Amino acid sequence: MIPLNVSAVFGSDAGSLVTSLQSDENIVGNASPVEVLTFCGAILVAYIAGLFAAYYLKRRFSHKIRRDHLDFWIRFLRVLLILAAVAVTVPQLFDAGSVVIAGIVIGLIAIFAFAGQKVVTNLVAGLSLMYGRQFSAGDFVTIGNVTGTVISLDLFTTCIRTTEGVTVTLPNDSVYNNPISNYHADVARRYVYDVGIRYRDDIPRAIAIITGILDRHTFVLKSPAPEVFVSDLGPSSVNIRIRAWVPSVWANTRDDSVLKTALLPQVKCALAEAGIGIPFPQTTVWFGDKTVDPESSGTR
Amino acid sequence: MFGRFGEEIRYTDSDVSISATGSGELRRYIRASGGQRVEKILPEGLATVIINPVEPVNLPEPVTRYLEISFPAVVLPAKAVRRMYLTFPLEIGVFLETGGVISVLDLFSLVPAKYSLYGSPGAGAITRWHQSGITKNPPVVDRYRYGILDVTITNTTPGIVEVSRAVFDSNSMHLWYGESVVMTGAMDIYSPMIAQTTVSEMAPSGDMTRCIELYAARSIPSVHGRGHLMEFGVT
């Protein structure tokens, strides 16, 4: 049971309060009122100092550092200040020989050591991610099998909104231990599509038509220039590969299918208008008793 | 089409139709161009509609703040200074002024946009790209589609430099309109890889009106830049 001297703290007048504070009587364990008040005062001062530091840092760095990064470091600094206040004042309580305080501190350490191991791992992973700047809020990323826009990177967790509109919260530990693909790290991204045409079609003409469509598309970058070339002579078609660069900031706000739906129907229609067909998969079977030479039949 | 309009606006040509008509509570702003139609009810009371060209980097989406103008290669001898005229695409801003406060009402362009990458994907910048010709005198252009850039290129290097593109930062663009839309720029080449581009705030001539810039209308503070440092080459 904690021997608490209530009358010492809540004295009837200021004089008696000062007298009781200056007395050697213990109010928590064998800590004196002054030591307990010093502890509380230090926490309060650290809290207020944290508020001032946050105000100063926001004014000083808000236009230089991304907001989520700044918020993260401000939170971290405020936690550090509180911990520093505890670290400075708790030994005094220990000096006073307070068994109760010592018990609380040891208990907290035990909790951190056993139950809080994962929490500490997540905290360290969060700090590493923040320091490493692999991604920031607003970036479009794939972490493990989760793809979406980062909403926030906090001390312990990372929130991602997937393209389906689902918010996924990942522990920083798992984020740190998974491959991270950041589609926002560079200002441009490249998309690749394949289009098959018939063997009898005019390949240079098909390439010219596709190149024209890419040139007219607003978000297909002029430089690096899009590439259109024959990539494969397939069993049923001549495959033409399209490589096009687009601004990341544009592409990342959309599902990848948007560019596909913008480009491929245009390509298909333009090729069809020019009489260039996209073939069905087909197989020509030649029987041994036929006299026609398959090599000279000109089917391709 | 450009100017300040108090009570009513009615403008129609083959490409665009703009009107702000009506009385009392329902004064409507209607704009139709390029298959797009925008209709808005204007606020009650006295409101002035202002139409002028704006920095051409906002449409169809705000993807970049840089305008890149490509032009036929110009060879500049050492320490040479050359003045020439280029063109740039226009976007047209419609602003509403009520009680001294200016806000953006509409934004459109009659020129299709095209983007490009200046520099590398990792360190470069996306730009709004435009191909321009070069003329010794101000070219005649459709003033609702293209503006004229009066640019002075200075080769500060001790060698010959070939230049075929200029990148300007929209945060330091200042446009003026009269018979045509004009921007006065400068490009100082420090090496074949590095050049500084700036746009002058001074009026090209006395009879021109300064355009309201979008960043000013959107009350974005302290974005006036000192131009743009091109670090990835001038060709």
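The values are calculated or read from the model by the stated rules, or taken from the named source; none is laboratory data. On a predicted model such as this, the values are computed, not experimentally measured, just so you know. So basically every Cβ, Gly included, is an ideal-geometry build from the backbone, and we count neighbours across all protein chains shown. Accessible surface areas use protein heavy atoms only, side chains included; no ligands, DNA or RNA. Shrake-Rupley method; radii C 1.70, N 1.55, O 1.52, S 1.80 Å.
Of note:
- At R0 = 30 Å, FRET efficiency that the Cβ-Cβ distance of A:THR169 and A:LEU51 yields, to 0.05: 0.60
- The mean count of C-beta atoms from other chains within 10 Å of the C-beta of residues in B:113-123, rounded to a whole number, is 6.
- A DSSP coil position with no more than 16 other Cβ atoms inside 10 Å describes the following GluC sites (Glu not before Pro) in segment B:25-92: B:GLU25, B:GLU44.
- Solvent-accessible surface ranking, highest first, for A:LEU129, A:LEU155 at 1.4 angstrom: A:LEU155, A:LEU129
- When the other protein chains are added to the chain by itself, burial of at least 30 square angstrom of heavy-atom accessible area (probe 1.4 Å, ligands and nucleic acids ignored) affects these residues of segment A:182-213: A:ASP186, A:VAL187.
- For segment A:115-186, applying the loop criterion from DSSP together with a ceiling of 16 other beta carbons within 10 Å to the trypsin sites (Lys or Arg not before Pro) yields A:ARG133.
- Along each principal axis, taking the top coordinate minus the bottom one, the Cα set of segment B:1-157 gives 65, 38, 32 Å in descending order.
- Solvent-accessible area per residue, Å², over segment B:3-230 with all protein chains present [probe radius 1.4 Å]: 45 Å²
- The interface between chain B and chain A buries about 1300 Å² of solvent-accessible area in total (1.4 Å probe, ligands and nucleic acids excluded).
- Residue-wise HN-Hα coupling along segment B:51-62, computed from phi with Karplus coefficients 6.51, -1.76, 1.60 (Hz; x: Gly, Pro): 10, 7, x, 10, 3, x, 9, 9, 10, x, 9, x
- Residues whose placed amide H lies under 5 Å from that of B:LEU105, excluding near-sequence neighbours: B:VAL94, B:PHE95, B:LEU96
- Within chain B, the longest segment free of exposed loop sites, counting trypsin sites (Lys or Arg not before Pro) that fall outside DSSP classes H, G, I, E and B and have at most 14 other Cβ atoms within 10 Å, spans B:137-217.
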